[in-house]
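Notes to accompany the following structure.
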Amino acid sequence: MIRLPEHPLRAKLHDEINARPYEPLRPPERVSYLAYLVDEQDRARETAHLDALCRHFDHEWVHSGERFFHLKFDDLRLRVEQHEEFTRYLFILADSLNDPFAAPALCRVPEDWVEGIPGRVMVAIHAAVLPCPIEDATPDAAAPHFPERRLMGARLANGALSAYTDFRIHEDGFSRWLLFDHRDDPAQAGRTLLRLLEVETYRMMALLAAPLIDGLRATLRDKDRTLVELTTAVANHNNRSDEDLLEDLSTLAAAIENLISSHEYRFNATRAYFNMVSIRLAELREIKIGELATLSGYLNRRLEPARNSCDSSMRWLETLSTRVTNASQMLRTRADVRREQQNHALLAAMNRRSELQLRLQQTVESLSLAGITYAGVSLMGIVGDVLYKHGLFPMEGNTLEALMIPFVGYAVYRGTRHIWKAAKHGA
């Protein structure tokens, strides 16, 4: 046997495609579906709660850490899926009672166990899948099971099934779906029902952002007005300093970034859920039934405004952040230009002072040369007078002074220049 160097995640990644198989349905069957929004504490209690249900049915079950699994209690099947934000419970019961909603599959489960499911319910649906020829699966056949007889529906899977609902929560707290199976294809029936349930779950999860939008848009209007006031102050050069305006812009930018951080996850999840709704609706492959509103037509008409509102709010937030950044950059640029002008003026003043200092230094040096020359010549004159009085020198000190002035002056000049060059070279 050939042994290949296998990646440690190969088996897990390969089996992921089979982690969520469709539950085949062989009508007549009743289905109860629950989707719960859960947090970390709810998630930690789910295993113990499922274990309690297994004990009720004397069923041995060891949870091995999977997020998707099936349990079977006699004629009742349970499918559990743990997603990032929610957990789904699908109860399936083979039953052929005349009224498909009189005794739903959930009735086989203890009532206190259902009431104790961790989390908060987002979706609760009773569904029934019945065998029926396509010519008998009419809206009139479905209407008696929906009190208000306000139906939406379509042929699904290119005519394999017919599905009807009223998109209402009935007195028992559950919505209703009625499916007529025309082709006796358990896999197709299972896939179609699961897609319908996923449409309901994802649309409800997508709409979680709706309550946030109204409050967010009010906040964005307030931040937008503040930004307009600040940019107007920047443009009009009012009495406020650039430093004060920049501080206010920085505060506004921090507030907007906080809004982005606190809403980005929810809005990104909402986009993903809306996309999943669109994908699942497309996978239903609907065929219109007479004048009845199709499922996708009904849902899209009502979900599209919510989707657009969510997208526009996020774009507004991102645009506002960009505008604040641009205003701050513009103000910083203006402050930098002004600072450069001040630095240029300061350097010019320093250059003027340096020139004055140089001229003063040159003047002082000239006076110093004269002073040193005068002192040196005077000393030579005194020496000359003393020597002349003793007959040791042929001329008086005054005459010597007059003759030595050019020579002493030149010597002093050369000496000071040499000292200046040496100091400059050392520096």
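The values are calculated or read from the model by the stated rules, or taken from the named source; none is laboratory data. Fair warning: this is a prediction, and the values are worked out from it, not measured in the lab. We place every Cβ from the backbone using ideal geometry, glycine too, and count neighbours over all the protein chains shown. Remember, those area values only see protein heavy atoms, side chains included, never the ligands or the DNA or RNA. Shrake-Rupley method; radii C 1.70, N 1.55, O 1.52, S 1.80 Å.
Things worth noting here:
- Mean separation of Cα contacts under 8 Å, 6 or more apart, over the residue count of segment 90-191: relative contact order %: 27
- Here r is the Cβ-Cβ distance between ARG45 and ALA102 and R0 is 35 Å; the resulting FRET efficiency, rounded to 0.05, is 0.65.
- For semi-axes √(5λ) of the Cα gyration tensor in Å, the value computed from the atomic coordinates appears in the list [x] 34, 26, 20; [y] 98, 28, 18; [z] 44, 25, 18 under label [y].
- Segment LEU13-THR363, extension gain: residue separation times 0.36 nm, minus the distance between their alpha carbons: 117.0 nm
- Placing R0 at 51 angstrom, the Cβ-Cβ distance between GLU84 and ALA235 gives a FRET efficiency of 0.65 after rounding to 0.05.
- Each of ALA335 and SER262 was given a label point 7 Å from its Cα along the Cα-to-Cβ line. The distance between the two points is 2.7 nm.
- Average Cα contact separation per residue, the chain, under 8 Å, 6 or more apart, as relative contact order %: 14
- Relative contact order of segment 112-263, pairs being alpha-carbon contacts under 8 Å that are 6 or more residues apart, as %: 19
- Contour excess over end-to-end distance, with Cα ends at ARG315 and ALA349 and 0.36 nm allotted per residue: 7.2 nm
- Taking amide H atoms as placed 1.01 Å from N in the peptide plane, the amide H of ALA127 lies under 5 Å from those of VAL31, SER32, TYR33, TRP177, each 5 or more residues away in sequence or on another chain.
- Looking at segment 112-182, the GluC sites (Glu not before Pro) that sit in a DSSP loop and have at most 11 other Cβ atoms within 10 Å of their own Cβ are GLU148, GLU171.
- As a fraction of the 1.4 Å probe accessible area of the chain, surface on carbon and sulfur atoms comes out at 55 percent.
- For segment 164-210, accessible area per residue (1.4 Å probe, heavy atoms of protein chains only), Å²: 34
- Under 14 Å, Cβ to Cβ, from ASN158 - net charge with Lys/Arg +1 and Asp/Glu -1: +2
- Distance between the C-alpha centres of segment 286-350 and segment 190-216: 26 Å, rounded to the whole angstrom.
- Centroid-to-centroid, using Cα positions, segment 242-269 and segment 95-125 are 46 Å apart.
- Near-label residues of segment 345-361 by backbone N, under 15 Å of a point 7 Å along Cα→Cβ of THR416: 358-361
- When each full DSSP H helix of the chain is screened for a Cα extent of at least 20 Å along its own axis and an average Kyte-Doolittle hydropathy of at least 1.6, none passes.
- Rounded to the nearest 500, the 222 nm mean residue ellipticity of the chain from helices alone is -21000 deg cm²/dmol, with -39,500 (n - 2.57) taken per DSSP H run of at least 4 residues.
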